[in-house]
Amino acid sequence: MRTTRALAVAVAAGAAVGLAAPTASAWADPTNIVAMPSVIPKGGHLTVTVDGTSCQSDGKITSPAFPDTNLQAIPGGSTASATAVINSDAQPGAYDITAHCGGKTLTRPSAFTVIHGGVRGGVGGSTTDGATSTDMAIGGALVAAAVIGGGVFWMRRRTENRV
């Protein structure tokens, strides 16, 4: 008798969760916004992906850094994508992206950052042209140390051979 009650409660709970799940997922549409690359120069191409079934047929993305862009469905799922071109007059800094899908909106704050010039890669990056005076001083000191060290080593070896 206890097994029958437990089974009835489990079936009722499963039915309640099963009926509520589609409602919960439709309520949260769109659900996620991803911008790649996260750091981009002016005039660069930004790819934005939005999760949500309502975004596949009727959706767009907006931001102060680029013109409104329509989303295109990605086959085989509930995801849509768009490629936006960053305005040439966009100011450097972080920007939000807002997805408008099926009468609902979702905003991702600081989704990407616009920088002035090229993308900085590694230590030092590409923000300077050529070697600085500090680089030249360090390089010159290393070369001088190598020449002096080599001369001392050569002179010591030469005197050892005479004895």
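A few points about this structure:
- Highest to lowest packing among 136-144, 42-50, scored as the average C-beta count within 10 Å: 42-50, 136-144
- Rounded to the nearest 0.05, the FRET efficiency derived from the C-beta distance between residue 57 and residue 131 at R0 = 45 Å is 0.20.
- Distance (nanometres) between label positions extended 7 Å along Cα→Cβ at residue 148 and residue 105: 6.7
- Contour minus Cα-Cα distance for residue 73 and residue 138 (0.36 nm per residue): 17.9 nm
- Built amide H within the under 5 Å cut-off of residue 79, gap 5+: 52, 74
- Residues with amide H under 5 Å from that of residue 112, placed H, sequence gap 5 or more: 95
Values in this text are rule-based calculations from the coordinates and carry no lab data. Since the structure is predicted, the reported quantities are computational estimates derived from the model, not experimental observations. Glycine gets a Cβ as well: all are built from the backbone with ideal geometry, and neighbour counts include every protein chain shown.
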